[in-house]
1. Under 5 Å between amide hydrogens, which residues at least 5 positions from A:Arg151 or on another chain qualify, with H placed 1.01 Å from N in the peptide plane?
2. Using the Karplus equation 6.51 cos²θ - 1.76 cosθ + 1.60 (θ = phi - 60°), what ³J(HN,Hα) coupling, rounded to whole Hz, does each residue of region A:158-175 give in order, writing x for Gly and Pro?
3. Quick one: compute the contact order of region A:63-304, relative version, from alpha carbon pairs under 8 angstrom and 6+ residues apart, as a percent.
4. Using the number of other C-beta atoms within 10 angstrom as an exposure proxy, rank B:Leu8, B:Leu104 with the fewest first.
5. Note down the relative contact order for region A:232-306 as a percent, whole number, built from C-alpha pairs under 8 angstrom at least six residues apart.
6. Tabulate in residue order the Karplus-calculated ³J(HN,Hα) for region A:241-251, using 6.51 cos²θ - 1.76 cosθ + 1.60 with θ = phi - 60°, rounded to whole Hz; enter x for Gly and Pro.
7. At a Cα cut-off below 15 Å, give the aspartates and glutamates reachable from B:Lys257, other chains included and same-chain residues fewer than 8 away excluded.
8. Could you name the aspartates and glutamates whose alpha carbon sits less than 12 Å from that of B:Lys43, not counting residues in the same chain fewer than 8 places away?
Amino acid sequence: MQEFTRRRFLKGVATAAAGALIPRALITAPALAADQPGLAIAHIKERSQMKEALRRALDAIGGIGALVRKGQTVAIKPNMAWARTPEQGANVSPQLVAAMVELCKGAGAKKVKVFDRTINDWRMTYRLSGIQDAAKEAGAEVSFTDDRKFRDIKIPKGKVLKSWPVYRDALDADVFINMPVAKQHGTSVLTLSMKNLMGIAGGERGNWHPEIHQKLADFNSAIRVDLVVMDAFNIMVTNGPAGGRPDDLKFKGQIIVGTDRVAVDSYAATLFDRTPDSIGYIRRAADMGIGTMDFESLGVDNITVG
Amino acid sequence: MLFFLLFLYLLLSTADPLHAPIHVPLILRFSLFAALTASLAAKTLILQYWPALLLIPLTLLLGRVFCGWICPLGTTIDASDWALRKFRKRNADLGKARALKYYLLGALIIAAVFGAQAAGWFDPLSIVTRSYALVVHPVVYAAFDGIVGFSYRFAPLEPLGDFASSASRRVLSFQNPITEQPAFIGQILIALMFLVILAAGLRYRRFWCRSLCPLGALLGLMSRWSPLRRAVGDDCISCLKCENICPTQAITGEGKKTRSRECIMCMDCPPVCPVNTITFARKEQRRPAEAPVDATRRGVIASLIGGAIAAPILRIRFWQRKGKGNPVLIRPPAVGTEEEFLAKCVRCGECMKVCITNGLQPVMLEGGLAALMTPRLVPRAGYCAYECNLCGQVCPSQAIRPLPLKEKQEVVLGKAFFDRSRCIPWAAYNTASSPGKQHGVQWSDAFNCAVCEEHCPVPGKAIHFSRYPFRDGDPQHVINRPYVRLEECIGCGICENKCPLPGPAAVRVTAVDQTSPDLPQLYG
């Protein structure tokens, strides 16, 4: 009989708590509706049209009702990493996050959490990005990602990453929505939805940069994403991912919505005049079966708003 | 007590975002002593110290009420003296040591005239702010952090953790929660200095105020014109109750006489008088009995000479030789020349408290005695955030100038340089092309890193890549070797901070003189 020590007690409680949460086996989210296209692209001219664009794009792939049910907890992970203003385009447009929060609330979500593990100081980033205020106003809970709220997960399919700490609220939510902004990136070539997922990774993420493509694919293979909403209103074509100058941005006026993250990223790559398979992590993620690079096979619905 | 709460409130408000209705360095700017020595040493009148001027009429009218009622160090000492009362047999007599503070004041003023300013050592407001900001605050942080950490280990306690976490951030203004509690180099030395001052309470009450405080000395000298004085009536029975309760031993002559310069107007003595004969009244009405000053002429002259000798000693810096700046002294934005900065900085630690990344750290001896406890950026600890200009806004003495964000973003603190024998893309290239491995090394994504390039906040980036094609000829196999565009680099240090290498970063920042950040001619 082992001695009953405090350490053992704490360990036991922690294990029991972890066990109580049902592991989510399904990594690739199914399409919201079998008979509808898997990818919707809304074309807009102004940021004020984002709400309308998001609603119509979601309707085109099956509707928010097919994703969020009454009483559920939704976690939204926008790209809110840099202490930059919305005009600088380094983070997702606050209007888009607000629209997503409202739609989830409208669908009956009990709680909508918005968070990112920021790169610059979180308070400054949350504030300057405009997302904190916009999301709060829309009814979300905007919270700081405390280092102790990360939980180690196993990455069974991982080739380089075998396990990594992940933010609890992202893992435990009923619905997890990834909201990236399309940007150029020095090491990974493009920051799209799969790269945006680094914002729920704990630990020393800088270590990912050598061999970043495989690590991103590995990480994605273990994280379930139910919906990707990509902001391609302005894409950042140079000096990404932080940018800073208006010249770094290029107007595209698109909101890309889909459940297959590889397909969304593949389509987004074409906005930068790249083929999906020229981006290391997209190719590897497709190889690992996380999604398909052939986004057209899912059916693409182009919607013009306004 | 009220002022102490104000002090704490302002200290906690010294954080991002600065939203206190009162200017946060207000209390620090009450220090007439720091105002005087910083202005003398910098040879400019630091106008932002105007609140210090309020002490002049205050003291001329009411005596040392600042010491008794406002000074947060005084309040702290009262509290610790109270806590130590069981260990203190009686409030021991300081005797001639009382005069030390006048000698110190004289010496420090002369030293300031010769350009050496030592407010960091002796200004009570500097000491108390620094101690609370760099020692007490992190300790309280650790306590809260413990609650949060504990709560997050048990699912049912999580709401408590969330509460403590948000309370600690909102109320206690903890600034660097991502890594850990704010930590400061040499914290223990700053703590020791503070504890020694408090520990004197084992023998003496208000030891600091009675024997050393140069601000107290200054106010004491001014209080000689104050009309409000302690006066004792003829019916005094010399019971010595007032003498025993007086924290500063301002009462002498069997309870009948007063050392007005020592009296801090705490008003503790009238209530203990059994015959109710102690009053604080205008001196025309009742002639108070005045005890003589303790300072001697010889002592004053010696202290002035001492100050003049101390000044050059304090100022000796090995890197003062022309053209050779100290590479580790990366100063916050924006400061003047090193000389001017050392003259103005009162070492209060406000900038380090407010620094949102915890990157501003106290200098220990790496800058010579003169630079002790001044702030420097330690990029590995935290970088200078591009969108932040808080340090200039909280600096009481204008050693760090308050700049609008746009201007602050152009201040050059230093220049980054690469250590190619450590940097991953450079070292990987070396490995890949070293003769022994000529044919063995295959292409790997691990050759590329460039975290530094990703984080560079300068629009257009100060870190760029030279693209080196890997020898296997595959067009996708390119090693991106980072280099610094020196003319763009502002030395914010985020590259050094974020470099994923363990130990020293492969990209490091070396300080430059902010007043002439131009590249050396060596670069052509």
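1. Amide H to amide H, under 5 Å and 5 or more residues apart or across chains, A:Arg151 pairs with A:Val166, A:Tyr167, A:Arg168.
2. Once rounded to whole Hz, the list reads x, 8, 10, 8, 9, 7, 7, x, 10, 5, 4, 4, 6, 6, 8, 5, 5, 10.
3. Relative contact order for region A:63-304 comes out at 19 percent.
4. On the way: B:Leu8 14, B:Leu104 21.
By the 10 Å Cβ count, ascending: B:Leu8, B:Leu104.
5. Relative contact order, region A:232-306: 24 percent.
6. Once θ is set to phi - 60°, the couplings for region A:241-251 become x, 9, x, x, 10, x, 4, 6, 9, 10, 6 Hz.
7. The qualifying aspartates and glutamates are B:Asp234, B:Asp235, B:Glu243, B:Glu290, B:Asp294.
8. Reachable aspartates and glutamates: B:Glu339, B:Glu340.
Quick note: the coordinates plus some simple rules give every number you see, no bench work behind them. What you are looking at is a predicted structure, and each value in this text was computed from that prediction instead of being measured. Because the Cβ atoms are built from the backbone with ideal geometry, glycine has one as well, and the counts that use them run over all protein chains shown.
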